[in-house]
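Trainee: Take this structure first; my questions come after.
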Amino acid sequence: MQNRIPDPAAFLRRLFDRAVEVADPMRSLALHLPPKPKGRVVVIGAGKASARMAEAVEAAWGPCEGLVITRYGYARPCQGIEIVEAAHPVPDEAGAKATLRMLDLLASLGPEDFVLALISGGASALLVAPVEGVSLEEKKAVNAALLASGAPIDRMNTVRKHLSRVKGGQLAAAAHPARMLCLMISDVPGDDPAFIGSGPTVGDASTPADARAVLARWNVAVPESVTRALSSPSGVIAPGDARLSRVENVIYAAPAQSLAAAAELATDCDIRLLGDALEGEARDVAAAQAQMARDIAATLRPGDRPVLMLSGGELTVTRRGNGVGGPNAEFCLALALMLEGHSQVHGLACDTDGVDGAAEVAGAVIGPDTLTRARTAGLDPAASLARNDAHSFFAAIGAQVVTGPTLTNVNDFRALLILPPA
């Protein structure tokens, strides 16, 4: 019964909002906090959700000593923990200075002290301390090139680790011999803690040779200083290193929980969960899901329940043009082109942190009239896709999803709604 969902776009937006809501640290982090330890307690953190996590910690523990680095616009009021804003996804001097201050803070700790680390997606760019011989500007250039290369996030993070003095367990090693609990929000496919924020508190067995292989595989050009650094021994901490013996890493929020919450809200639909760890080129995944939606639509009859396809993960975009876009908006534009106005299919794709690519836009929503509206407005959808200009495309037809800072980050959220025929 199609009238069960009279406004598909609004329905999909409610599902996305619910997925974000359940990942809000103020709702869930306190459940995973131990009683506040006696003695000196230091709170550190980095990521797009880290300031909200710090706010949740102080709501439970009261004022704390510490330093947290978050994205510009993502700060939250804290009583004792200092919040520093810095650039993401390409790091800046503010992040570099704050990271050095964090390392100085950890260097003062002893075996009776306790560190609570708060790590979420975005920490890779916000925690920035390049290895000796590599400048911040060179590190930024490598980061930007990786983002444009289409390399999966775990491969990008392999390179980042071996060019850093804090990633790959090195932040935790800097706090040794203090005891550390690290609470994480996962934004990576598979929820591997070694890849959340490039694993600053998690040991890593990769080598500089692995990092060089990533640069070669995705044709990422780098300065000579980076080549030299990746030909030298790395500071990345091996998993069995004694300096990690007093560290506990806990993932307390992950994409699967948000997908499940959205599914629970869609009581009138048959749910098809496609997984919370999808990866790949955004337009390729869109083509596959468009075909799945077409196949499902062909089986539905009047009076059947709508079908809802849900998926998470982190898609990538290989930059081919000079447009403004991101993986979620590109997914939606490619999906609309593949569906070519199919009367039964609506879709939404958004990043739960509210930032798709580098734009202050979460994603987009599409429906049967998307291409018609665009062409009426003088847009060429295929040309927009070719130049990676999905954000401009959806802005022109009023189909962007803009949330502002969500203060959390559990990766991408995609929902395709297939309605029965009228």
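The values are calculated or read from the model by the stated rules, or taken from the named source; none is laboratory data. Because the structure is predicted, anything quoted here is derived from the model rather than measured. Using ideal geometry, Cβ is built from the backbone for each residue, glycine included, and neighbour counts are taken over all protein chains shown.
Trainee: Looking at Ala261, Ala256, which is the one that is in contact (Cβ under 8 Å) with a residue 12 or more places away in the chain, assigned to a helix (DSSP H, G or I), within 22 Å of Val202 (Cβ to Cβ) and among the aliphatic types (A, V, I, L, M)?
Mentor: Working: Ala261 fails: within 22 Å of Val202 (Cβ to Cβ).
Selected residue: Ala256, the only one of Ala261, Ala256 that is in contact (Cβ under 8 Å) with a residue 12 or more places away in the chain, assigned to a helix (DSSP H, G or I), within 22 Å of Val202 (Cβ to Cβ) and among the aliphatic types (A, V, I, L, M).
Trainee: Residues of the range 355-372 being of a type outside the set (Gly, Ala, Ser) and either in contact with a Ser or Thr (Cβ under 8 Å, 6 or more places away or on another chain) or more than 21 Å from Leu146 (Cβ to Cβ) (or both), which ones? Don't jump to the end; show me each part of the working.
Mentor: At the first step, the residues of the range 355-372 found to be of a type outside the set (Gly, Ala, Ser) are 355-356, 360-361, 365-366, 368-372.
Within the range 355-372, Glu360, Val361, Val365, Ile366, Pro368, Asp369, Thr370, Leu371, Thr372 meet the criteria.
Trainee: Since Pro91 meets every condition but one in (1) within 23 Å of the chain's Cα centre (by Cα); (2) in a helix (DSSP H, G or I); (3) not basic (Lys, Arg), which condition does it not meet?
Mentor: Here Pro91 clears every test but (2).
Trainee: Sticking with this structure for a sec: Looking only at the range 268-291, how many residues end up being touching a residue at least 60 places away in the same chain (Cβ under 8 Å) and in a helix (DSSP H, G or I)?
Mentor: Summing the residues that are touching a residue at least 60 places away in the same chain (Cβ under 8 Å) and in a helix (DSSP H, G or I) in the range 268-291 gives 2.
Trainee: Determine whether the range 174-193 contains at least one residue that is at pLDDT 95 or above, more than 15 Å from the chain's Cα centre (by Cα) and β-branched (Val, Ile, Thr).
Mentor: no
Trainee: Here are some residues: Val42, Val84. Which one is in contact with an Asp or Glu (Cβ under 6 Å, 6 or more places away or on another chain), outside the structural domain of Thr406 (by TED's automatic domain parsing), more than 22 Å from Val401 (Cβ to Cβ) and assigned to a strand (DSSP E or B)? First the steps, then the outcome.
Mentor: Working: Val84 fails: in contact with an Asp or Glu (Cβ under 6 Å, 6 or more places away or on another chain).
From the options Val42, Val84, the qualifying one is Val42.
Trainee: Looking at the range 393-404, which of its residues are within 24 Å of the chain's Cα centre (by Cα) and assigned to a loop (DSSP other than H, G, I, E, B)? Outline the logic, then answer.
Mentor: Step one: filter the range 393-404 for residues within 24 Å of the chain's Cα centre (by Cα), giving 393-395, 399-404.
Ala399, Val402, Thr403, Gly404 - these are the residues of the range 393-404 that are within 24 Å of the chain's Cα centre (by Cα) and assigned to a loop (DSSP other than H, G, I, E, B).
Trainee: Quick one: is Val115 part of a loop (DSSP other than H, G, I, E, B) and at pLDDT 95 or above?
Mentor: In short, no.
Trainee: Scanning the range 50-88 for residues that are within 22 Å of the chain's Cα centre (by Cα) and among the small types (Gly, Ala, Ser), which turns out surrounded by the fewest Cβ atoms within 10 Å (Cβ to Cβ)? So that I can check it myself, show each step before the final result.
Mentor: Taking the range 50-88 first, the residues within 22 Å of the chain's Cα centre (by Cα) are 50-57, 67-76, 83-88.
Now restrict to residues that are among the small types (Gly, Ala, Ser): 50-51, 54, 56, 73, 75, 86-87.
Working: Ser50: 35, Ala51: 29, Ala54: 31, Ala56: 24, Gly73: 13, Ala75: 19, Ala86: 24, Ala87: 18.
Ranking the candidates gives Gly73 first.
Trainee: Could you list all residues from the range 179-200 that are part of a loop (DSSP other than H, G, I, E, B) and surrounded by fewer than 21 Cβ atoms within 10 Å (Cβ to Cβ)?
Mentor: First, the residues of the range 179-200 that are part of a loop (DSSP other than H, G, I, E, B): 186-192, 199-200.
The answer is Gly190, Asp191, Asp192.
Trainee: Restricting the search to the range 350-392, which residues are assigned to a loop (DSSP other than H, G, I, E, B), within 29 Å of Arg18 (Cβ to Cβ) and under 20 Å from the mean Cα position of the chain (by Cα)? Explain how you work it out, then say what you get.
Mentor: Initial filter on the range 350-392 (assigned to a loop (DSSP other than H, G, I, E, B)): 352-355, 357-358, 360-362, 367-369, 377-380, 387-389.
Among the residues that remain, those that are also within 29 Å of Arg18 (Cβ to Cβ) are: 352-355, 357-358, 360-362, 367-369.
The answer is Thr352, Asp353, Gly354, Val355, Gly357, Ala358, Glu360, Val361, Ala362.
Trainee: Something else about it: Touching a residue at least 24 places away in the same chain (Cβ under 8 Å), in a helix (DSSP H, G or I) and not assigned by TED's automatic domain parsing to the domain that holds Ser120: is that true of Leu407 in this structure? Reasoning before the result, please.
Mentor: Values: touching a residue at least 24 places away in the same chain (Cβ under 8 Å): yes; in a helix (DSSP H, G or I): no; not assigned by TED's automatic domain parsing to the domain that holds Ser120: yes.
Taking the combined requirement at face value, the residue does not satisfy it.
Yes or no, residue by residue, for (1) surrounded by fewer than 24 Cβ atoms within 10 Å (Cβ to Cβ); (2) of a type outside the set (S, T, N, Q); (3) modelled with pLDDT under 95; (4) in contact with a strand residue (DSSP E or B) (Cβ under 6 Å, 6 or more places away or on another chain):
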{"residue": "Ala382", "(1), (2), (3), (4)": "yes, yes, no, no"}
{"residue": "Ala386", "(1), (2), (3), (4)": "yes, yes, no, no"}
{"residue": "Ala396", "(1), (2), (3), (4)": "yes, yes, no, no"}
{"residue": "Ala399", "(1), (2), (3), (4)": "yes, yes, no, yes"}
{"residue": "Asp412", "(1), (2), (3), (4)": "no, yes, no, yes"}
{"residue": "Leu416", "(1), (2), (3), (4)": "no, yes, no, yes"}
